[in-house]
Amino acid sequence: MTMEYDVRAFRVWWDETNEIGRVDWAAGATCTLPEAKGVLTAVNALGRGKVPVLVDSRGAGTMDRPSRELFKSSDGSFACTAILAGSAVNRMVANFFLGLNQTAAPVRLFTSEAEAVSWLRTHP
């Protein structure tokens, strides 16, 4: 059985300049289990092993519990994760997620992309 996900929900790409993976969530995108699996598959498809990843969630919508659980338990793709949050609500949800969940790799919340990239580069 194949799980389909909304390919318009996110974009995964390799940032050659900063040597990090990037996950850009589309404005209002909802992350359900198929999208979460799609992100992990796409990061693995970068073919670089465990990599530091910047997740730009500034415009994203919601993330369901199964997705959070999958990201929390996944240890094969992300060496560390910087979550870039924008609005107060977005930051509140991200902080709530970080506060309740222990992850396999270091995760930190940022409002500045430059600070997030700097942190990722020091936590390979």
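Kindly evaluate Arg11 against the criterion of being among the charged types (D, E, K, R), at pLDDT 90 or above, buried (at least 16 other Cβ atoms within 10 Å of the Cβ) and in a strand (DSSP E or B). When the stated conditions are applied, Arg11 does not pass them. Would you say Val53 is modelled with pLDDT of 90 or more, in contact with a Ser or Thr (Cβ under 9 Å, 6 or more places away or on another chain), surrounded by 17 or more Cβ atoms within 10 Å (Cβ to Cβ) and in a strand (DSSP E or B)? Criteria met by Val53. So for the stretch 47-59 (the condition being among the hydroxyl-bearing types (Ser, Thr, Tyr) and closer than 14 Å to Ala105 by Cβ), does at least one residue qualify? Taking every residue of the stretch 47-59 in turn, none turns out to be among the hydroxyl-bearing types (Ser, Thr, Tyr) and closer than 14 Å to Ala105 by Cβ.
The set of residues from the stretch 16-35 being charged (D, E, K, R) and touching a residue at least 40 places away in the same chain (Cβ under 8 Å) comprises just one member, Glu19.
Contact annotation: residue pairs with Cβ atoms under 7 Å, 6 or more positions apart or on different chains, pairing a residue in the stretch 64-83 that is at pLDDT below 85 with a partner that is hydroxyl-bearing (Ser, Thr, Tyr) and outside any strand (DSSP E or B), are Lys72/Thr103.
The values are calculated or read from the model by the stated rules, or taken from the named source; none is laboratory data. Remember, it's a predicted structure, so these values are computed and weren't measured experimentally. Here Cβ is always computed from backbone atoms with ideal geometry, including for glycine, and neighbour counts include all displayed protein chains.
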